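Worksheet: the structure to be examined is printed underneath.
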Amino acid sequence: MFLTRRRIILMLAVVAVAGAIIVLPYISSLTATGLDRVTIELFDVEPVPPSEGEKNRQIDVVFRITNPTDKTVTTSKIEYDLFADNSQLGNAILSFEDIPPNGRPAILPHQSINLTSLFQSTPSQSTQIIFDKLADSPADINWKVQGIARIESAITLQEKRFSDEL
């Protein structure tokens, strides 16, 4: 007989797997609603006092992430370029990729959180002017940040471009 019990079970298993492959993107699109409304803002920029003999200069860059959706979201990575008075200081990554999703910062529905990234800059002629100005009058510096943040919710992931000034 062509349709034995074993073959019927095998065909049903193949149909179930194919159905799951077809339906999973649809389920993902249903749970991803609103992730594009999450906002990433530059909240604060503070210099870190240098240690003795340390050549690299450090700055704490604080991002405020606001979640206007009805779902809890998290971020696994924020890649950004930092500018001071229209000159680029460099780029950095704030990463939580090595942390399991349940340990990453939770951005609860209709709330905001602040995430701090330690930005390191190697001294150069152009960055030295900025760091001298930062030591003398930090309020006079126009800060700008541009980047991409990876926003995640349950089984969905969306990369969001952002740009902000302080």
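The values are calculated or read from the model by the stated rules, or taken from the named source; none is laboratory data. A quick note: this is a predicted structure, and the numbers were derived from the prediction, not measured. All Cβ positions, even for glycine, are placed from backbone atoms using ideal geometry, and neighbour counts span all protein chains on display.
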(Q) Just to be sure before I move on: is Ile107 modelled with pLDDT of 95 or more, under 14 Å from the mean Cα position of the chain (by Cα), surrounded by 15 or more Cβ atoms within 10 Å (Cβ to Cβ) and assigned by TED's automatic domain parsing to the domain that holds Val61 in the structure I sent? (A) no
Taking segment 66-104 and the residues there that are farther than 30 Å from Thr127 by Cα and assigned to a strand (DSSP E or B), the one that is modelled with the highest pLDDT would be Thr66
Filter segment 80-104 for residues that are closer than 18 Å to Val61 by Cα and of a type in the set (A, V, I, L, M); the one that is surrounded by the fewest Cβ atoms within 10 Å (Cβ to Cβ) is Ile93
When (1) at pLDDT below 90; (2) in a helix (DSSP H, G or I) are applied to Ile59, the one that fails is (2)
Screening Ser153, Ser117, Ser137, Ser124 for residues that are surrounded by 17 or more Cβ atoms within 10 Å (Cβ to Cβ), modelled with pLDDT under 85 and not hydrophobic (A, V, I, L, M, F, W, C) leaves only Ser153
Note to self: Condition check: under 15 Å from Asp164 (Cβ atoms), modelled with pLDDT under 95 and surrounded by 13 or more Cβ atoms within 10 Å (Cβ to Cβ). Does Val45 satisfy that?
What the structure shows: yes
(1) surrounded by fewer than 13 Cβ atoms within 10 Å (Cβ to Cβ); (2) in contact with a Lys or Arg (Cβ under 8 Å, 6 or more places away or on another chain) all hold for Asp132 apart from (2)
Taking segment 149-166 and keeping residues within 13 Å of the chain's Cα centre (by Cα) and of a type outside the set (Val, Ile, Thr) leaves Ala149, Arg150, Glu152, Ser153, Leu157, Gln158, Glu159, Lys160, Arg161, Phe162, Ser163
(1) in contact with a Phe, Trp or Tyr (Cβ under 9 Å, 6 or more places away or on another chain); (2) not in a strand (DSSP E or B) all hold for Phe119 apart from (2)
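In the list Lys160, Lys144, Lys133, which residue meets the criterion of being under 15 Å from Ile59 (Cα atoms), part of a strand (DSSP E or B) and of a type outside the set (Val, Ile, Thr)?
Residue meeting the stated conditions: Lys144.
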Counted residues in segment 140-150 being surrounded by 13 or more Cβ atoms within 10 Å (Cβ to Cβ) and under 10 Å from Ala84 (Cα atoms) come to 4
